[in-house]
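To start, the structure under review is shown below, and the notes come after it.
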Amino acid sequence: MLLSDQAGAKIPRPATLRESVIEAIQELIVSSQLKPGQHLVESELAQLLGVSRQPVREALQQLSGEGWVDLHPGQGAFVHVPTVEEADQLLAVRALLETESARLAAQHASEEGVRRLRELCSRGIQAVESDDTDAAVAINSDLHALVTALSGNKVLAELAAQVARRVRWYHTPVARQRGMTSWREHAALIDAIEAGDERRAAEIMREHTESTRASYREQRAGEPIEPAPKRVRRRRTRTSSAN
């Protein structure tokens, strides 16, 4: 019997230091601890994360290729400032994926799945009532991820996961604006999923995601299409001239 025929789980590969640094910087950006347009100094990030400058430099290079960081010759690295157009395009894709996820969740969700959705919704409402925006955003992300998981479509779940972190980044600025309205929509969605009403669940999710998309566009209205990077002032060294 060939070794490839043997059934068994593969040993999970531990994350490399660079991957851990990438994830840490992404989380700092998503949580707004690093602001759009902010200058990223390798030595400061290395000290913050407790690593050397090399994995930070490698992480910034990869994050640049993935659209999280902008590298400007002679100026350094900056947190990417998403244009309204790119954010709108991603939120439009998210709406398509999650609308289908909600429809399938209404078809396949178990009682346990619905119970977990209600628990997340309750926690989200508490976070809004406590004005804890960071917690509300994180719980919102967990709730949407669970809806996708309950769809039973693994390919759909993988695609949704690819855009989830960036969606969270775009959602954070409008979370307080959407406030309790968003969680009332979540509650109605869960009701539709529990009732097995595929059409209603899809309709609610489509309207829900489009509302977030519209709120983001409204908040960004009037901004430049692509803001210029913030310049870093360099100190000049004084030189004395000989007489």
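Distant-in-sequence amide contacts of L40, defined by a placed amide H-H separation under 5 Å and a gap of 5 or more residues or a different chain, comprise A77, F78, V79. Per residue, the solvent-accessible area of the stretch 151-193 (1.4 Å probe, heavy atoms of protein chains only, all protein chains present) comes to 46 Å².
Close amide H pairs (under 5 Å, H built 1.01 Å from N) link A109 with no residue at least 5 positions away or on another chain. Looking at the stretch 10-71, the accessible area is 59 square angstrom per residue; that uses a 1.4 Å probe and ignores ligands, DNA and RNA.
The values are calculated or read from the model by the stated rules, or taken from the named source; none is laboratory data. This structure is a prediction, so every number in the text was calculated from the model and none was measured. Quick note on the areas: whole protein, heavy atoms, side chains included, nothing else; ligands and nucleic acids left out. Shrake-Rupley method; radii C 1.70, N 1.55, O 1.52, S 1.80 Å.
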